[in-house]
Amino acid sequence: MRASQGTSSEPRVDQHTSMGCYYETGTTGKVSRKIRQIPNLPGREDTMTRQSLLFGAALLAALIPGDPATAEPITLKFSHFLGPQSFFQVDVAEPWAKELAAKTNGQVKVEIHDGTSPLGKVTEQAGNAKDGKVDVALGLRGAEGDRFPGSSLIELPFVVPSALRGSQALWGLYKDQTLAGEYADYKVLALFVHNPGLIHTKGKRVLNISDLKGLRLRSPNKTVAAALDHAGATPVVLQVNDVMPAVKENKIDGIVTNWGNPLQGFNDYMKFHTDTQFYTSAFFVVMNRARYDGLPAEVRTAVDALSGDAWVAKFGPLWDKWDKPVREGANAPGHEVIVPDAATMELWRVGLKPVTERYIADLAAHGFPSARTTYDRLTAALRR
């Protein structure tokens, strides 16, 4: 029986082209036709494997964020209005800067400009941040003119029981969008208040609200000035750097402020301290909105982690710490801390209530329509 005719194919090398070719042969071994050519480069499969690995590595590198150690360094300017050795510098700005540097593996450096620098004017902190002169600013609401009117409600008489609770309540109004409109130009990092303030005088003992009549008293803001004016005092709105010069020049008879104040020589001049705890001042830490939005995602995440609830919660314990040295100084000979009893304090509250009502009505008519409902929610929350 004869074997059937058939074909087979086997690879050969074309000596003229150096290309691998398959030639079809018959049963006799003669070439019938060349089928196709394929590259026959040395190590072709290894080359393709290496190219695939390189492509995969490049794709992976594009998907994973860059190593912070090799990322572009970022410098943020942080300004505040107190001195280079002040508690805002030592306990607020510097720790935040160190924590942000640590969280970004050194990618972000914070450059601090204190109150002695051209960027440290107390009346310009919010404006500097908005205009991009600095990236982050810590400021005093009462020094900012008509900015942040809704936030001033927390400064009204007998609203805040402590720095911790007051700070959390003010921050809560921002979180629930009540105050969002007045901070629309900023990335808000924190809002906070100090422990309730007192009335400190040089030579007159103040116990009753009627004792304020005729006294020239430094006021930290317009909210407190309205209360002092209603009680018959002469309010003098002075910012922090102007207070002690006015005392020394006998331009004022006393100071309305909290224990934790940065006033040099305060206890040398203030001898009577009336513990009415009737007001507070609001502060802000804000960031230029465009600057924040332009940061790499991982840096924004780090900023967020060090801001908001976490940062606000620190200010209660910090104010307690800052209060202590000045309060202890008032235990020295020649000082008297006057603590009115409950009945006397009720007279203070009744006497200043008309100030609160007028202020709320005026605020509602001029820029903050929800003043009444916001005040009621605020006071209800702080009574709980």
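The values are calculated or read from the model by the stated rules, or taken from the named source; none is laboratory data. Please read all numbers here as calculations on a predicted model, not as lab measurements. Note that each Cβ is placed from the backbone with ideal geometry, even for glycine, and that neighbours are counted across all protein chains shown.
Points worth noting:
- Filtered by the rule that a residue be of a type in the set (A, V, I, L, M) and in a loop (DSSP other than H, G, I, E, B), the stretch 101-126 gives a lone residue, LEU119.
- Among the residues making up the stretch 305-327, those that are in contact (Cβ under 8 Å) with a residue 60 or more places away in the chain, of a type outside the set (D, E, K, R), closer than 30 Å to GLY150 by Cα and out of contact with any Ser or Thr (no Cβ under 9 Å at 6 or more places or on another chain) are ALA305, LEU306, SER307, GLY308, TRP311, PRO317, LEU318, TRP322.
- Taking the stretch 328-352 as the range and being closer than 17 Å to TYR279 by Cα and touching a residue at least 12 places away in the same chain (Cβ under 8 Å) as the test, the residues that pass are ILE338, VAL339, PRO340, THR344, MET345, LEU347, TRP348, ARG349, GLY351, LEU352.
- Of all the residues in the stretch 227-242, those that are of a type in the set (S, T, N, Q) and either in contact (Cβ under 8 Å) with a residue 60 or more places away in the chain or out of contact with any Gly (no Cβ under 9 Å at 6 or more places or on another chain) (or both) number 2.
- Taking the criterion of being within 12 Å of ALA190 (Cβ to Cβ) and either among the hydrophobic types (A, V, I, L, M, F, W, C) or in contact (Cβ under 8 Å) with a residue 40 or more places away in the chain (or both), the only residue of the stretch 291-304 that qualifies is VAL303.
- Residue in the stretch 212-233 that is charged (D, E, K, R), surrounded by fewer than 24 Cβ atoms within 10 Å (Cβ to Cβ) and assigned to a strand (DSSP E or B) present: yes
- Complete set of residues in the stretch 237-254 that are in contact with a helix residue (DSSP H, G or I) (Cβ under 7 Å, 6 or more places away or on another chain) and of a type in the set (A, V, I, L, M, F, W, C): VAL237, LEU238, VAL240, VAL247, ILE252
- The criterion of at least 1 residues that are of a type outside the set (Phe, Trp, Tyr) and at pLDDT below 95 is met by the following helices (runs of 4 or more DSSP H) wholly inside the stretch 303-384: 371-383.
- Scanning the stretch 78-100 for residues that are within 13 Å of the chain's Cα centre (by Cα) and more than 24 Å from GLN264 (Cβ to Cβ) yields a count of 3.
- The listed residue being under 19 Å from ILE338 (Cα atoms) and either of a type in the set (A, V, I, L, M) or modelled with pLDDT of 95 or more (or both), out of HIS273, HIS230: HIS273
- Residue list for the stretch 353-384, filter: small (Gly, Ala, Ser) and in contact (Cβ under 8 Å) with a residue 40 or more places away in the chain: GLY367, SER370, ALA371, ALA381
- All positions within the stretch 243-266 that are surrounded by 15 or more Cβ atoms within 10 Å (Cβ to Cβ) and without any contact (Cβ under 8 Å) to a residue 60 or more places away in the chain: VAL243, MET244, ALA246, VAL247, ILE252, ASP253, GLY254, ILE255, VAL256, LEU263
- None of ALA371, ALA365, ALA330, ALA380 is farther than 23 Å from ASN258 by Cα, crowded, with 16+ Cβ neighbours inside 10 Å and within 35 Å of the chain's Cα centre (by Cα) except ALA371.
- Residue in the stretch 283-297 that is under 28 Å from PHE158 (Cβ atoms), exposed (fewer than 12 other Cβ atoms within 10 Å of the Cβ) and out of contact with any strand residue (DSSP E or B) (no Cβ under 9 Å at 6 or more places or on another chain) present: no
- Residues satisfying the stated conditions in the stretch 80-131, i.e. of a type in the set (S, T, N, Q) and either closer than 20 Å to LYS314 by Cβ or touching a helix residue (DSSP H, G or I) at 6+ places or on another chain (Cβ under 8 Å) (or both): GLN85, SER86, GLN89, THR104, GLN107, THR123, GLN125
- Residues of the stretch 333-362 that are surrounded by 13 or more Cβ atoms within 10 Å (Cβ to Cβ), touching a helix residue (DSSP H, G or I) at 6+ places or on another chain (Cβ under 7 Å) and under 26 Å from PRO149 (Cβ atoms): TRP348, GLY351, LEU352, VAL355, TYR359, ILE360.
- For the stretch 86-103, the criterion of a residue being surrounded by 18 or more Cβ atoms within 10 Å (Cβ to Cβ), of a type in the set (Asp, Glu), farther than 23 Å from TRP259 by Cβ and modelled with pLDDT of 95 or more is satisfied by no position.
- With a requirement of 3 or more residues that are over 17 Å from the mean Cα position of the chain (by Cα), the helices (runs of 4 or more DSSP H) lying completely within the stretch 238-298 that satisfy it span 240-248, 266-269.
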